[in-house]
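Peer 1: One structure is given below, represented as structure tokens, and several questions about it will come after.
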Amino acid sequence: MLRCWILLICLLVTTPFAAGQETPPRPANLEPLLGVDSPLQPTERIVFVGDSITMQGGFVELISQGLQSNQAQQSIRVTRHGLNGGRVPDMSAGKTPWGEIKPYAEILATDNPSILVLYLGINDVMHSPGTSPEDFESGLSDMLKAAQAAGAAVVLATPAVNGENIDPEAEDQKKLASYAEITRQVAEQHGATLCDLRQAFVDYLQQHNIAQARSGLLTYDGVHMSAEGNRLIAELMAAALAKAAQARQAK
């Protein structure tokens, strides 16, 4: 009997939640967007455009829920347009063999974003055919300039990860790193706010992915986000959105 009680106590000590429950992820810190010092306007229209990562949209939902929980920001509109398999050249028509959304020009015209987030690149790197560096740069630049011409402040995000086992000498990692660098250069050239997901993911995974697993920390398959990955992106995006809004006020 004593042995049974000891076993039960050990189970209770080592189990953080009741049986059948998972430990909930740490809430995303969206402080740059919330509160009386938020640079967002009550009539803000924040639009996310991207590929299947945006289509799944866990990080977008975290941001939207955070804003909706703040009474002063409940009128802010947050929408997303995610194209499954989407590369930069696919966004103009809004079609791939795996999905369809509104053409990019129509998104700008109908959603009328005050802040637009562009998060693309992983399919340009991974897919066959992918997108040449030259076409990636010119296409991303055209999308950015079109949004600015429509009156939107733009946040440009680097592609985050293609496998969590970061080896800087691996060819696939070198290629993704080069496209992330193109994204940084496009953002700087055209005065967009950079959200450097790639650098943040590399820093996190080099510190935490000791076992060099391909997935399981920030993604569930090496590309698409887990709860922790969505939390990290939401925090980085929140800071970038606040920076974009502040830069707009300074003009």
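Peer 1: Which of the helices (runs of 4 or more DSSP H) contained wholly in region 1-69 include at least 3 residues that are at pLDDT below 90, loosely packed, with under 10 Cβ neighbours inside 10 Å and among the aromatic types (Phe, Trp, Tyr)?
Peer 2: Result: empty, no element qualifies.
Peer 1: Evaluate region 116-134: report whether one residue or more is polar (S, T, N, Q) and touching a His at 6+ places or on another chain (Cβ under 9 Å). Reasoning before the result, please.
Peer 2: First, pick out the residues of region 116-134 that are polar (S, T, N, Q): 123, 128, 131-132.
Those still in the list that are touching a His at 6+ places or on another chain (Cβ under 9 Å) too: none.
No; the residues of region 116-134 include none that is polar (S, T, N, Q) and touching a His at 6+ places or on another chain (Cβ under 9 Å).
Peer 1: Could you figure out which of (1) under 18 Å from the mean Cα position of the chain (by Cα); (2) not in a helix (DSSP H, G or I) isn't true of residue 129?
Peer 2: Every condition holds for residue 129 apart from (1).
Peer 1: Let me ask you something else. Which condition number does residue 147 fail, the rest of (1) without any contact (Cβ under 8 Å) to a residue 40 or more places away in the chain; (2) within 30 Å of residue 210 (Cα to Cα) being met?
Peer 2: (2)
Peer 1: While we're on this one: Name the single residue, out of those in region 109-142 being under 16 Å from residue 96 (Cα atoms) and among the hydroxyl-bearing types (Ser, Thr, Tyr), that is modelled with the highest pLDDT.
Peer 2: Of everything passing the filter in region 109-142, 131 is modelled with the highest pLDDT.
Peer 1: Further question: Where the second residue is outside any strand (DSSP E or B) and among the acidic types (Asp, Glu) and the first is touching a residue at least 60 places away in the same chain (Cβ under 8 Å) and more than 20 Å from residue 235 (Cβ to Cβ) and lies in region 44-63, which pairs have Cβ atoms under 8 Å and are six or more apart or on separate chains?
Peer 2: Partner pairs satisfying both residue conditions: 45/111.
Peer 1: Here is a further query. Looking only at residues in region 110-127 that are in contact with a strand residue (DSSP E or B) (Cβ under 7 Å, 6 or more places away or on another chain) and farther than 23 Å from residue 221 by Cβ, which one is surrounded by the fewest Cβ atoms within 10 Å (Cβ to Cβ)? Reasoning before the result, please.
Peer 2: Pass one, region 110-127, residues in contact with a strand residue (DSSP E or B) (Cβ under 7 Å, 6 or more places away or on another chain): 111-120.
Filter once more, keeping what is farther than 23 Å from residue 221 by Cβ: 111-116.
On the way: 111: 19, 112: 13, 113: 22, 114: 21, 115: 24, 116: 27.
If we take residues in region 110-127 being in contact with a strand residue (DSSP E or B) (Cβ under 7 Å, 6 or more places away or on another chain) and farther than 23 Å from residue 221 by Cβ, then 112 is surrounded by the fewest Cβ atoms within 10 Å (Cβ to Cβ).
Peer 1: Surrounded by fewer than 21 Cβ atoms within 10 Å (Cβ to Cβ) and either more than 18 Å from residue 147 (Cα to Cα) or at pLDDT below 95 (or both), is that true of residue 106? Talk me through it step by step, then tell me what you get.
Peer 2: On the way: surrounded by fewer than 21 Cβ atoms within 10 Å (Cβ to Cβ): yes; either more than 18 Å from residue 147 (Cα to Cα) or at pLDDT below 95 (or both): no.
So residue 106 fails the test.
Peer 1: Quick check on this structure: which one of 221, 167, 172, 196 is under 28 Å from residue 111 (Cα atoms) and among the acidic types (Asp, Glu)? Spell out how you get there, then give the answer.
Peer 2: Details: 221 fails: under 28 Å from residue 111 (Cα atoms); 167 fails: under 28 Å from residue 111 (Cα atoms); 172 fails: under 28 Å from residue 111 (Cα atoms).
After applying the criteria, what remains is 196.
Peer 1: Name the residue that is nearest to residue 54 (Cα to Cα), counting only residues in region 70-89 that are outside any loop (DSSP other than H, G, I, E, B) and in contact with a helix residue (DSSP H, G or I) (Cβ under 8 Å, 6 or more places away or on another chain). Can you show your working first?
Peer 2: Taking region 70-89 first, the residues outside any loop (DSSP other than H, G, I, E, B) are 71-73, 77-82, 88-89.
From what is left, the residues that are in contact with a helix residue (DSSP H, G or I) (Cβ under 8 Å, 6 or more places away or on another chain) are 73, 78-82, 88-89.
On the way: 73: 22, 78: 12, 79: 10, 80: 7, 81: 7, 82: 5, 88: 14, 89: 17 Å.
In this case the residue turns out to be 82.
The values are calculated or read from the model by the stated rules, or taken from the named source; none is laboratory data. Note that the structure is predicted; figures quoted are calculated from it, not measured. Don't worry about glycine lacking a Cβ; one is built from the backbone with ideal geometry, like all the others, and counts go over all protein chains shown.
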